[in-house]
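Structure, as structure tokens:
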Amino acid sequence: MTPRRPPEPTRQLPAQPLRFLGPERDAAFFDTAQSPRVYELMLGGSEHYEADRDLARALLSVADWIRPSAQLNRDFQVRSYTWCREQGVRQYLELGCGYPHHPVLYDVLGRQSRVVYVDCDPGVLAHARTDLDQDHDTTVVGADVLAMDELLNSDALRQAIDLSQPVAVFLGDVLPWCPDDSAVDGAMAALRSWMPPGSFLVLTHFTDEFTPGQAAAVAATYADHGVQVRPRSREQIADLFGDFVHQGPGLCATGQWHRDSPYARRSPEHSAAFAGIAMKPTAVGSNT
């Protein structure tokens, strides 16, 4: 039986147009594997198609840590929502929000918090606009994180984010799908410059440092299915934070950042990624 396709996302864009995946790509979208749907499959979700299942089977045949790495990434993300709330942050920007998994960011934060969800995947946007954008404190924006200047200067963000107050920005398993190092560096520099002092940058990123041979096989398997993924080294991932000050244990395996996580004793190989939370200094030369 052919799986039912989700409804097309509405084409309502902010007043200042943003780059996004348009309707001309929708036909092939369901016939080729997509990284958000593979991630959804690894988390036990239902939004995936045969191409995604084919890729998932191939990935599991070369690296059995693929599924637990997705679970560890998700656990880190949810715990980081709470961590940022405990630091007093009340506005949040989730770049590459992915398919909704409860608890979503706003579920954890509750009222009196402002949340902006951003993604460029049409399937994700269809679900986000249905499931996430149901309150005046939430906004869903269709945009490409590599078009960072356009996003940050859009009316949608200007209306949602108060730049006189700190903001927590989440990039969970997003940048590995952007293989252009120069474009990523430029986007991250623009993002860090835009963030107010006292803000937190929360980031996870696939690496080849824990299992170099298997990570290379994973990247090759993705490529065989038409998906480009870019594992980066610890040094390269650390550079994405710029001069922000790392919190907690610093940049470490995803499962080991939150010491109260049930995954904290898992080996770094199960994480297959680095995670970090870093704060923009409140003053020039400040380390706090």
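Computed in the context of the full set of protein chains, the accessible area of the chain at 1.4 Å probe radius has 48% of its extent on carbon or sulfur. With contributions of -39500 (n - 2.57) from each DSSP H run of at least four residues, the per-residue ellipticity at 222 nm computed over the chain stands at -10500 deg cm²/dmol.
As a rough guide to protection, the peptides 253-259, 86-92, 31-37 ranked by mean Cβ packing within 10 Å, highest first, stand as 253-259, 31-37, 86-92. Normalised by the number of residues in the chain, the mean separation of alpha-carbon contacts (under 8 Å, six or more apart) gives a relative contact order of 20 percent.
For region 43-183, a/c is not less than 1.5, where a ≥ b ≥ c are the root eigenvalues of the C-alpha gyration tensor, and a/b tops b/c. That puts it in the prolate class.
Long hydrophobic helices in the chain: the complete DSSP H runs spanning 15 Å or more by Cα along their own axis with mean Kyte-Doolittle hydropathy of at least -1.0 are 50-62, 181-194, 212-224.
With N counted as the residues of the chain, its alpha-carbon radius of gyration over 2.2 N^0.38 Å works out to 0.95.
Computed from point charges on the beta carbon alone (+1 for Lys and Arg, -1 for Asp and Glu), the dipole magnitude for region 133-288 about its Cα centre is near 580 Debye.
The values are calculated or read from the model by the stated rules, or taken from the named source; none is laboratory data. If you're wondering where the values come from, they're calculated on a predicted model, not measured in any experiment. Note: ideal-geometry Cβ built from the backbone for every residue, glycine included; neighbour counts use all protein chains shown. For the accessible areas, the whole protein counts, side chains as well, though only heavy atoms, and no ligand, DNA or RNA atoms are used. Shrake-Rupley method; radii C 1.70, N 1.55, O 1.52, S 1.80 Å.
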